[in-house]
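The values are calculated or read from the model by the stated rules, or taken from the named source; none is laboratory data. Because the structure is predicted, anything quoted here is derived from the model rather than measured. Virtual Cβ from ideal backbone geometry, glycine too; neighbours counted across all protein chains shown. When the accessible area is computed, the model is the full protein with side chains, heavy atoms only, and any ligands, DNA or RNA have been set aside. Shrake-Rupley method; radii C 1.70, N 1.55, O 1.52, S 1.80 Å.
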Amino acid sequence: MLGTRERRRDLLIEHLHLIQDRYGHLSAAHLAALAAEMNLALAEVYEVATFYAHFDVVKEGETPPPAVTVRVCDSLSCAMAGGERLRAELTERLGAAVRVVRAPCMGACDRAPACAVGHVQVPHATAESVAQALTHGAQARPAVPGRDLAAYRLEGGYTLLADCLAGRRTREEIIAAVSDAGLRGLGGAGFPTGRKWTLVRAEPAPRLMAVNGDEGEPGTFKDRHYLERDPHRFIEGMLIAAWVVEAREVFLYLRDEYAELRLMLREELAKVEEAGLAPHAKVHLRRGAGAYICGEESAMIESLEGKRGLPRHRPPYVAQVGLFGRPTLVQNVETLFWVRDIVEKGAAWFNAHGRNGRKGLRSFSVSGRVRDPGVKLAPAGITVRELIDEFCGGMLEGHTFKAYLPGGASGGILPASMADLPLDFGTLEPYGCFVGSHAVVVLSDKDDMKAVALNLMRFFEDESCGQCTPCRVGTEKAVKLMEHGPWDETLLTELSAAMRDASICGLGQAAPNPLMSVFKYFREELAKPLGRW
């Protein structure tokens, strides 16, 4: 099965995928054989295989799972669209021959409820459409890019990269362009891109680059949107960034839920290499395995090294000691997507957009109770009220705007009375929230805020990597306290403070944000019984 593939430790997860894809599970015998083949301790292979949700480890004497697994998203947007009812209906309808399990966000919040038959997503899923997919044997096939290599090059694609490689552009010129435009990391942290490139360039060679395509934040799907429509604009930006920091190798880490995109990118990257467009950098496409925590940059690097996705302690930072111990530039997919446009059109073009004193363009992943969900390219600083009315066709019929999540599961919840706040980095922190990955989930009078907060806390409980006690135990205890009886505000607040102060990474630090938002902005609902969708 491994054939001529190298037996390097960093390829362990790739090799586990080969076994999982062929047999539908990982048997004890296969894990032992893989450990021997790769000259690893069985414990090392086992701990990695059991860490990731998309690997099914079957111990000796256990019965393997059914050949087909159907995953039903239970994250907020899909829960609001009836995901829980769908899972119950599928479990009853499909019987024991098919395993039906709940799954975290699949990056299809605009197509809720989302479901996956094997690795094939079923948008706006119903029991009938899922049964039909099973009947026809759902198999992942490469997505058809909105603009392929030939079409992209006809419109001037890869000209900027060629100019860089030929010396007609300087590295300082490219850094200045993205800095003047105020381009920031758009995966959530918002770190200035030009500054990051400068910091990485100051570190000793050899330097590496890692691209974070593991957008697992509930409500976020903008990277998927851009990869589907214009993958080469992203690829060119990625290769330009690699040239700027002189990274000879680039590791593109894509979440496993995007199977069709992974197959498409594999084909398109091969075309780029065959055309000789990237002589300066080798791109390695790597596959995640179902772990939200790997969206955190150091956890992603651990995963790229073939390990469990456990966030690292800082310092040192990954720009200093990153992948394989080398200085590493880590960038989000969408950040790289904008590089070509900003350099060619100029910082003034980018900064000409914006509202309420903010500058630039932002991609908002909008889902929930709006008529037209999807990725909305809007001015930085737009308000959620403007976003709903101007870009989303207003609220769904019969729904009254009640609240919104400005930055996905971890960004907190704000009431409709605060719908005129500018949405951008740094504007929401005074209110206990943040814009993060610009994932906006719109809630209505049909939604119970306690149920919303509980749904989000369950997500964090499931996705905690388990490395640190405040997050591992804190999320579990919070869920139990929120599920049963009146909410003990004093106890939950104390628990939240411990999680914020002592968790290693942003998952545990941000997990209490929705809960604290309910205490702060929706106190009238605390006495009500817990609602459901």
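So, with a 1.4 angstrom probe, what is the percent of accessible area on region 58-120 that is carbon and sulfur?
Taking all protein chains in place, region 58-120 shows 51 percent carbon and sulfur surface.
How much length, in nm to one decimal, is gained on full extension between Glu89 and Ala202, taken as 0.36 nm per residue of separation minus their Cα-Cα distance?
Answer, rounded to one decimal: 35.0 nm.
Assuming R0 = 60 Å, what is the FRET efficiency of Asp389 and Glu476, from their Cβ-Cβ distance, to the nearest 0.05?
0.90
Taking a 1.4 Å probe, which of Asp389, Asp256 shows the most accessible area, and what order do the others take after it?
Ranked list, largest accessible area first: Asp389, Asp256.
Roughly speaking, what is the centre-to-centre gap between region 516-533 and region 126-148 when only Cα atoms are used, to the nearest Å?
One Cα centre to the other: 39 Å.
How would you order 502-515, 314-327, 138-151 from highest to lowest mean count of nearby Cβ atoms within 10 Å?
Result, highest mean Cβ count within 10 Å first: 502-515, 314-327, 138-151.
Can you compute the FRET efficiency between Asp488 and Arg8 using 1/(1 + (r/R0)^6), with r the Cβ-Cβ distance and R0 = 60 Å? Round to the nearest 0.05.
Efficiency, from the Cβ-Cβ distance: 0.75.
So what does His438 come to for accessible area, using a 1.4 Å probe and Å² rounded to 10?
0
For an R0 of 35 angstrom, estimate the FRET efficiency from the Cβ-Cβ distance between Arg355 and Arg532 and round to the nearest 0.05. It would help to have the intermediate numbers written out before the result.
Numbers: r = 37 Å, r/R0 = 1.07.
Efficiency at R0 = 35 Å is approximately 0.40.
Above 21 Å lies some portion of the pair distances; for region 1-115, what is it as a whole percent of all C-alpha pairs?
Value for region 1-115: 48 percent of Cα pairs lie more than 21 Å apart.
Would you please state which residues of region 217-256 a label at Ala162 would reach in this model, taking the label point 7 Å out along Cα→Cβ and a backbone N cut-off of under 15 Å?
Counting only backbone N, you get 236.
Leaving ligands, DNA and RNA out of it, work out the accessible area of Asp420 with a 1.4 Å probe and give it in Å² to the nearest 10.
My reading of the accessible area for Asp420 is about 90 Å².
Which of the lysines could a cross-linker bridge to Lys59, judged by Cα under 25 Å and excluding same-chain residues fewer than eight apart?
Filter leaves Lys307.
Any idea which of Tyr292, His232, Leu396 is furthest toward the positive side of the dipole for the chain, if Lys and Arg beta-carbons carry +1 and Asp and Glu beta-carbons -1?
Farthest towards the positive pole: His232.
If you take the charge dipole of region 207-363 about its Cα centre, with +1 on Lys and Arg Cβ and -1 on Asp and Glu Cβ, which of Ile342, Gly354, Thr328 is farthest toward its positive end?
Of the candidates, Gly354 comes out farthest on the positive side.
Restricting to bridges with both residues inside the chain, how much of the DSSP beta-bridge set is antiparallel, in percent to the nearest 5?
Close to 40 percent.
If you rank Thr328, Thr469, Thr427 by how much accessible surface each has, with a 1.4 Å probe, what is the order from largest down?
Thr469, Thr427, Thr328
Rounded to the nearest 5, what is the percent of antiparallel bridges among the DSSP beta bridges in region 1-141?
The antiparallel fraction comes to roughly 45 percent.
Report the Cys residues of the chain lacking a disulfide-compatible partner, meaning no second Cys Cβ under 4.7 Å from their Cβ.
Within the chain, the cysteines lacking a partner Cβ under 4.7 Å are Cys105, Cys109, Cys115, Cys164, Cys294, Cys392, Cys433, Cys465, Cys468, Cys471, Cys505.
Tell me the net charge near Leu160. Cut-off is 15 Å between Cβ atoms, Leu160 excluded, with +1 for each Lys or Arg and -1 for each Asp or Glu.
That sum, taken over residues with Cβ under 15 Å, equals 0.
State the Cα centre-to-centre distance between region 1-55 and region 155-171 in whole Å.
Distance between centres, Cα-based: 41 Å.
If every alpha-carbon in region 274-324 counts as one equal scatterer, what log10 I(q)/I(0) does Debye give at q = 0.12, 0.13, 0.21, 0.29 1/Å?
The Debye formula, applied to the Cα set alone, gives -0.34, -0.39, -0.77, -1.10.
Using a 7 Å offset from the Cα along the Cα-to-Cβ direction at both Arg229 and Gln132, what is the distance between the two label points in nm, to one decimal?
Distance between label points: 2.6 nm.
State the percentage of accessible surface on region 227-378 attributable to carbon and sulfur atoms; use a 1.4 Å probe and exclude ligands, DNA and RNA.
Carbon and sulfur together cover 47 percent of it.
How big is the accessible area of Glu172 in square angstrom, nearest 10, if you roll a 1.4 angstrom probe over the protein chains?
Glu172 has an accessible surface of roughly 110 Å² with all protein chains in place.
Could you pull out every residue, at least 5 positions away or on a different chain, whose amide H is within less than 5 Å of the one on Val68? Hs are placed 1.01 Å off N in the peptide plane, and Pro or chain starts have none.
Those qualifying (amide H under 5 Å, at least 5 residues apart or on another chain) are Arg99.
Can you list which of the DSSP-assigned H helices in the chain have a Cα extent of 30 Å or more along the long axis and an average Kyte-Doolittle score of at least -0.5?
none
Quick one: if you stick a label point 7 Å off each Cα along the C-beta vector at Phe191 and Lys282, how many nm between them?
2.6
Per residue of region 319-332, in order, report the coupling 6.51 cos²θ - 1.76 cosθ + 1.60 (Karplus, θ = phi - 60°) as ³J(HN,Hα) in whole Hz, putting x for Gly and Pro.
Using θ = phi - 60°, the values come out as 5, 9, 10, x, 4, 6, x, 9, x, 9, 8, 10, 9, 7 Hz.
Hey, if you put +1 on the Cβ of every Lys and Arg and -1 on every Asp and Glu Cβ in region 46-87, which of Ala81, Ala67, Ala53 ends up farthest toward the positive end of that dipole?
Of Ala81, Ala67, Ala53, it is Ala81.
Share of Cα-Cα pairs in region 374-533 beyond 25 Å, in percent?
That fraction is 30 percent.
What accessible area per residue comes out for region 1-60, rounded to a whole number of Å², with a 1.4 Å probe?
50
Mind computing the radius of gyration and Dmax over the alpha-carbon atoms of region 221-322? Å is fine for both.
Gyration radius and largest Cα-Cα distance of region 221-322: 14.2, 41 Å.
Quick check on the chain: helices-only [θ] at 222 nm, where DSSP H runs of length 4 and up contribute -39,500 (n - 2.57) each and the sum goes over total residues. Nearest 500, please.
Helices in the chain give a 222 nm mean residue ellipticity of -11500 deg cm²/dmol.
Kindly provide the pair-distance distribution of the chain built from C-alpha pairs, with 20 Å bins from 0 and whole-percent values in order of increasing distance.
Here the calculated profile for the chain is 22, 57, 21, 0.
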